[in-house]
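Some notes on the structure that comes next.
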Amino acid sequence: QVQLVESGGGLVQPGESLRLSCAASGSIFFIYSMGWYRQRPGTQRELVASITNTETKDYTDSVKGRFTISRDNAKNVVYLQMDNLKPEDTAVYYCRAISPRSDIYWGQGTQVTVSS
């Protein structure tokens, strides 16, 4: 069982930055693939960025060049650095972990609001 706790959300103006963190419980974090999803009001949850246990990264087109996903296996944390934020980035952001057996775990979410 893995527990995920997100933090770092908030209210920022367009063009500003935020860094989200997702802290994971357990001693085998390093073998999990991790991802950040977001859900805007009235829409389905979408994948924003992912990072495998071998550090392969992937991003949805709308955030390429602005968002960076990274992980620190020593601290059991995955980050999402979000730069040049836009109003359309406003959403609840969720952390997801996938085990090698394809067990899926979700965090509780953190709100990001981009508004002037």
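The values are calculated or read from the model by the stated rules, or taken from the named source; none is laboratory data. Bear in mind the structure is a predicted one, so any value in this text is a computation, not a measurement. Here Cβ is always computed from backbone atoms with ideal geometry, including for glycine, and neighbour counts include all displayed protein chains. We work out accessible area using only protein heavy atoms, side chains counted, and drop any ligands, DNA or RNA first. Shrake-Rupley method; radii C 1.70, N 1.55, O 1.52, S 1.80 Å.
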Pairs only if they're at least six apart or on different chains, beta carbon under 7 angstrom, first in segment 91-116 and more than 25 Å from residue 62 (Cα to Cα), second of a type in the set (Ser, Thr, Tyr); list them, first residue then second. 99/32
Looking only at segment 19-33, count how many residues are farther than 12 Å from residue 99 by Cα and either open to solvent by less than 30 Å² (accessible area, probe 1.4 Å) or polar (S, T, N, Q) (or both). 6
Restricting attention to segment 46-69, does a residue exist that is of a type in the set (S, T, N, Q), modelled with pLDDT under 95, surrounded by 13 or more Cβ atoms within 10 Å (Cβ to Cβ) and under 13 Å from residue 24 (Cα atoms)? no
If only one of 81, 39 is surrounded by 13 or more Cβ atoms within 10 Å (Cβ to Cβ), under 18 Å from residue 110 (Cα atoms) and within 11 Å of the chain's Cα centre (by Cα), which one is it? 81
